[in-house]
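> The structure is given below, and queries will be raised subsequently.
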Amino acid sequence: MLQKAISLLKQTFGFNSFRPLQEKVISAVLDKKDSLVIMPTGGGKSLCYQIPAQVFDGVTLVVSPLISLMKDQVEQLQQFGIPANFLNSSLSPSQYDANISDIRSGKTKLVYLAPETLLQDRIANLLLDGLQIDCITIDEAHCISEWGHDFRPEYRQIAQFRKRFPKAVCVALTATATPAVRQDIINSLELSDSQVFIDSFDRPNLKLNIIPKSQGAQQVVDYIRQNKGKAGIIYCFSRAQVDELTNIINAAGFRALPYHAGLSDKDRNSNQDAFIKDDAEIIVATIAFGMGINKPDVRYVIHFDLPKNIESYYQQIGRAGRDGLPSECVLLYNYGDTKKIEFFIQQKEGQEKELAEFHLKQLLIFIDSYECRRIPLLNYFGETYSKQECKNCDNCLRTDNESQNLTVPAQKFLSCMIRTNEIYGSIYLSDILTGSKSKKILDNRHNELSTYGIGKEFKKEQWKSLSDQLLRKQIILKDEQFGSLKITTDAKPILKGVKEFWGFIPEVSSTTKSNLFSRRTAKEKARSTEYDEVLFQELRTLRKELADKKGIPPFAIFHDSTLAEMCREFPTSHLMMLEISGIGEKKATEYGELFSDIIKSYMKRNNLTPNQPNQKIEIKDSKTPKHLIVSEAFLNGETVKEIAERFDNAESTIIAHLLKFVEQGEYIEPEFIIRETNLEESEISLIKNEFQTSSEGHLKPIFDFFGGKYSYNQLRLVQILLISHLE
Ligand SMILES: [Zn+2]
């Protein structure tokens, strides 16, 4: 039977082999042994029941709380040629009846159901009546436990339903479960002799980054600009914040949509749909977003605010990079956000309050840790990380000069507190340290203190950050009512110099270009050029067109990882298409030719030689298109003149490369281009106007119009400025 499963895997899904744990689970399910499967998102959980479902003669029921996800799941399965269907409250009565008669006909292999549907006697009887049920799958099984973060009372009754189908094997799956939740699932579902399969919770493709929040919204916009065109989710604490941040992002020229409980169902669904179909690149959401989404190519998740606990943090970052490609998770953090959560915890009572306090404490331990982020994160889920360093989190990627001995600045701050009788907050203390001449300081004669002006090495925001770090380490405490800071006993050893204080001082941008996010390593940049990115964009465009025509999300056609492989392997025939992961017979037949046509024409245009099956084309650096190399250098701060000298090209050639870059929809910051033009802003506007009113981008008429006052290079640069900021 396992052989059949393996051939199905290749034939239907286009993969050559199972991941080690998948194979074990599938063998157990095929042997009709009840199983509890704990696998992180992106670990290939769904194949654990989708493959057996095709081997079994009868039907596999999949109970899932994610109503909004069912339609997508079923559509995706149908794209692979697997007969699947669903029953939930989103269907109209006539659709519902149609789906039921389809299921009754015996052709359907997989039926997705909401738990409440399952508990309706009408449905249960209907399913009981003569239909062979071989497998009952319980997805998101942690919903069964009151100890989990998503308890659903309906889930408790699944055990009763299950008893009516003694011959069906039961598979419970979840992506998040602490040891207590696991035990609860086993007890509730009465999985007494079940096998438990636990996969590692590590998601190596996710880069974990925790960054001090200084100018939150600006940091987010900068990040989006650097990741233009990629899909991302931004989580906020409140609805108001979602709306505000969405407006800011849109005003900066990107397409973001809000998602929160204050919107109508219709708006929420249509915003979610636009995101899934790549019509909007960004969703700004409260934590309510994401349960119903299975978009594999989310490239980043930003936490604009602190998540509630580690479990929800893990679940939310888990929405990035489900296709296994490198993706980034950024948590913006400052001390004030902790206070916001503490305030909400204070409103709770009894055990609920204790639990919430415990969760917050665990989260802060994770945030404050200076070791590899994966160590405390995995530890929370009862797993020991096997390495010392992941090389893919802020702590591992931090160079030594970023982690500093801050003992002396801490001493300055603490003694300034003591000298002012511990009645002031961090802003005022920063003013004293940086030597401010504010009226309040002069009135209080604090300009006569020995600590006045001794902290000019940092800006005010940096002193604020140091104060936050002292608070987090409980070296100082804050009076919630007045904001005044008090020292604790832990401050004394630091003041005496017997204990060191280590931390980080965030860079504060004095120019417009914030580099809080630009800690990209050379390695990361190399990784992103491992496939032909220009071809990738062309294939993406085709995928989007096809998806829109069919009204399905682009990833239901091919995942990004499949497109990326095409851009490494250059498949130009049906057989070569079948060699690509994620392409089975049905997809190769349906889409193979359309995609290989684009690949062929791309190869022809770029003089790439046709490829023999199984013989890989190596992408060398020289094949990275010149305009990308040039533009990268320009974005890294080299001037046109410097680049021209380095490549021994004319400056006009370099400018032509930059033009090509922006014509492909890329973005160059205006300051960079304006600097190159050597023109006044008023002159630039004049030229811009002329471009907008005159012929389609021809330079000669514009050159003549100004009587040769501006060079062709200058005109071309203004054109780049225009194109880059059209959106
Ligand atoms: Zn690490």
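Nothing in this text is a laboratory measurement; each read-out follows from the coordinates by a stated rule. Quantities reported herein were computed from a predicted structural model and do not represent experimental measurements. Note that we place each Cβ from the backbone using ideal geometry, even for glycine, and neighbour counts take in every protein chain shown.
> For the stretch 206-399, would you read off the P(r) tail past 30 Å as a percentage of all alpha carbon pairs?
Value for the stretch 206-399: 19 percent of Cα pairs lie more than 30 Å apart.
> I need MET70, MET603 ordered by Cβ neighbour count within 10 Å, fewest first.
MET603, MET70
> For SER101 and THR407, calculate 0.36 nm times their separation in residues minus their Cα-Cα distance, and state this gained length in nm to one decimal. Walk me through the numbers before you get to the answer.
Working: separation 306, 0.36 × 306 = 110.16 nm, distance 7.31 nm.
102.9 nm is the gain from fully extending SER101 to THR407.
> Working only with C-alpha atoms, what are the Rg and Dmax values of the stretch 626-724, expressed in angstrom?
So, for the stretch 626-724, Rg and Dmax equal 12.9, 37 Å respectively.
> Okay, next question. For the stretch 17-62 and the stretch 421-453, what is the separation of their Cα centres, given in Å?
65
> Order these by the 10 Å Cβ neighbour count, fewest first: LEU575, LEU378.
Listing LEU575, LEU378 from fewest to most nearby Cβ atoms yields LEU575, LEU378.
> Still on this structure, please answer the following. Hey, got the Cα dimensions of the stretch 2-198 along the principal axes, in Å, largest first?
Dimensions of the stretch 2-198 along the principal axes of its Cα atoms: 43, 40, 29 Å.
> Still on this structure, please answer the following. How would you rank 197-209, 178-190, highest first, on the average number of other Cβ atoms within 10 Å across their residues?
Packing proxy ranking, top to bottom: 197-209, 178-190.
> State, to one decimal in nm, how far the label point of ILE418 lies from the label point of ARG445, with both points 7 Å from Cα in the Cβ direction.
For ILE418 paired with ARG445, the spin-label model returns 2.2 nm.
> Same structure again: Kirkwood Rh and Cα-based Rg: tell me the resulting Rg over Rh for the chain, rounded to two decimals.
1.01
> Here's something else I'd like to know. Given the pairs LYS277/LYS549; LYS412/LYS478; LYS266/LYS340; LYS4/LYS163; LYS32/LYS109; LYS71/LYS109, which span a C-alpha to C-alpha distance of over 21 angstrom in this model?
Where the Cα-Cα span goes over 21 Å, the pairs concerned are LYS266/LYS340; LYS4/LYS163.
> Need one number: nm distance between label points at ASN607 and LYS24, each 7 Å from Cα along Cα→Cβ, rounded to one decimal.
According to this spin-label approximation, the distance is 5.3 nm.
> Can I ask one more? Among residues other than LEU686 whose Cβ falls under 13 Å from its Cβ, what is the net charge (Lys/Arg +1, Asp/Glu -1)? Intermediate results must be reported in sequence, preceding the final value.
Working: positive: LYS688, LYS709; negative: GLU680, GLU681, GLU683, GLU690.
Combined, the nearby Lys, Arg, Asp and Glu give -2.
> What do you get for Rg/Rh over the stretch 522-605 if you use C-alpha atoms and the Kirkwood form of Rh?
0.97
> Report the Cα centroid-to-centroid distance between the stretch 265-325 and the stretch 147-201 in angstrom, as an integer.
The distance from the Cα centre of the stretch 265-325 to that of the stretch 147-201 comes to 25 Å.
> Dipole of the chain, Cα-centred, from +1 at each Lys and Arg C-beta and -1 at each Asp and Glu C-beta, to the nearest 20 debye?
The dipole of the chain has a size of about 880 debye.
> Then there's this: Along the charge dipole of the chain, Cβ charges K/R +1 and D/E -1, which of ALA114, PHE413, ILE138 sits furthest on the positive end?
PHE413
> Now for a separate question. So how long is each side of the stretch 176-299 along the principal axes, counting just the alpha-carbon atoms, biggest first, in Å?
Principal extents (Cα only, largest first): 57, 34, 26 Å.
> On each of the three principal axes of the Cα atoms of the stretch 139-206, give max minus min coordinate, whole Å, ordered largest first.
42, 23, 17
> So what's the gap between the Cα centers of the stretch 68-119 and the stretch 652-712, to the nearest angstrom?
After rounding, the separation between the Cα centres reads 56 Å.
> Next question. When the chain is fully extended, how far beyond the present Cα-Cα distance does LYS228 get from ARG156, taking 0.36 nm per residue of separation? Could you put the intermediate results ahead of the total?
Working: separation 72, 0.36 × 72 = 25.92 nm, distance 4.42 nm.
So the extension gain works out to 21.5 nm.
> About its Cα centre, what dipole magnitude does the stretch 2-198 give when the only charges are +1 on Lys and Arg Cβ and -1 on Asp and Glu Cβ, stated in debye to the nearest 20?
460
> How far, in nm, would the chain grow between ILE674 and GLN3 when pulled straight, counting 0.36 nm per residue and subtracting the alpha carbon separation?
Computed gain between ILE674 and GLN3 is 235.2 nm.
> Could you list GLU545, GLU676 in order of exposure, starting from the residue whose Cβ has the fewest other Cβ atoms within 10 Å?
Numbers: GLU545 12, GLU676 21.
Ordered by Cβ neighbours within 10 Å, fewest first: GLU545, GLU676.
> Which of the listed residues, ILE186, GLY321, CYS170, is farthest toward the dipole's positive end in the chain, when Lys, Arg count +1 and Asp, Glu count -1 at the beta-carbon?
About the Cα centre, the residue reaching furthest to the positive side is ILE186.
> Pop out the ³J(HN,Hα) list for the stretch 254-268 in order, Karplus 6.51 cos²θ - 1.76 cosθ + 1.60 with θ = phi - 60°, rounded to Hz; leave Gly and Pro as x.
10, 10, 10, 10, x, 8, 7, 5, x, 8, 5, 3, 4, 5, 4
> Across the stretch 392-398, in residue order, what do the Karplus-derived ³J(HN,Hα) couplings come to in whole Hz, using 6.51 cos²θ - 1.76 cosθ + 1.60 with θ = phi - 60° and x for Gly and Pro?
These are the phi-based 3J(HN,Hα) values: 9, 9, 4, 5, 6, 8, 6 Hz.
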